[in-house]
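The values are calculated or read from the model by the stated rules, or taken from the named source; none is laboratory data. None of the values given here were measured: they were computed from a predicted structure. Ideal geometry is used to build each Cβ from the backbone, glycine not excepted, and the neighbour counts take in all protein chains shown. Each accessible area value is taken on the protein alone, full model and side chains, heavy atoms only, with ligands, DNA and RNA left out. Shrake-Rupley method; radii C 1.70, N 1.55, O 1.52, S 1.80 Å.
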Amino acid sequence: MCVLDVEGVQQVDIIGYSMGSQVARQLAADHPSRVSSLVLGGIGTSEQFARWGARAVREALIDGISVDDPVLDGLLTAAAALPLESRLALAACAEGMAQHPVTAIPDVSTLVVTGELDHIAEGADRLA
């Protein structure tokens, strides 16, 4: 909210995808008067990093240890090409999200966008 305050912006429309959707969801829940509408993509109601285990995510990102979950493996395979600093940052974000899952259902106009085969977005119908 500090950025909005400094810029003198009273209300915003927010679009988030994946982890960004979780951040946007919490922001809208905490400050509903500042968010006029919300678009959430690629998420559901389940905190995937908590389900997968932050330690497994970190080990895969930093040490290259493979994981058994095919959805997580696909995500981390793409991330493996990132520089080490980016993988460390992603591992830290995963740990934070796993320890503090977003459970809020914002009371603002919200559109939830997911693919029908998107396993990461499990529970999106309940969120919508």
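Overview of values
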quantity	calculated
Inter-residue pairs, beta-carbon under 7 Å, first open to solvent by less than 30 Å² (accessible area, probe 1.4 Å) and in segment 106-128, second at pLDDT 80 or above and of a type in the set (D, E, K, R), 6+ apart	Pro106/Arg25
Top-ranked residue in segment 83-105 [being of a type in the set (A, V, I, L, M) and without any contact (Cβ under 8 Å) to a residue 24 or more places away in the chain; ranked as most open to solvent (accessible area, probe 1.4 Å)]	Leu84
Among residues of segment 1-22, those that are surrounded by fewer than 17 Cβ atoms within 10 Å (Cβ to Cβ), polar (S, T, N, Q) and at negative phi, counted	2
Positions within segment 69-82 being open to solvent by less than 50 Å² (accessible area, probe 1.4 Å) and among the charged types (D, E, K, R), in sequence order	Asp69
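Matching residues to (1) part of a strand (DSSP E or B); (2) modelled with pLDDT of 85 or more; (3) among the basic types (Lys, Arg); (4) surrounded by 13 or more Cβ atoms within 10 Å (Cβ to Cβ):
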residue: Ala24; (1), (2), (3), (4): no, yes, no, yes
residue: Leu27; (1), (2), (3), (4): no, yes, no, yes
residue: Ser33; (1), (2), (3), (4): no, yes, no, no
residue: Ser36; (1), (2), (3), (4): yes, yes, no, yes
residue: Arg58; (1), (2), (3), (4): no, yes, yes, yes
residue: Ile62; (1), (2), (3), (4): no, yes, no, yes
residue: Val67; (1), (2), (3), (4): no, no, no, yes
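Residues are listed down the side, and each one gets a yes or a no for (1) out of contact with any strand residue (DSSP E or B) (no Cβ under 7 Å at 6 or more places or on another chain); (2) over 26 Å from Ala128 (Cα atoms); (3) of a type outside the set (D, E, K, R):
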| site | (1), (2), (3) |
| --- | --- |
| Asp5 | yes, yes, no |
| Glu47 | yes, no, no |
| Ala54 | yes, yes, yes |
| Val57 | yes, yes, yes |
| Ile62 | yes, yes, yes |
| Asp68 | yes, yes, no |
| Ala80 | yes, yes, yes |
| Met97 | yes, no, yes |
| Pro101 | yes, no, yes |
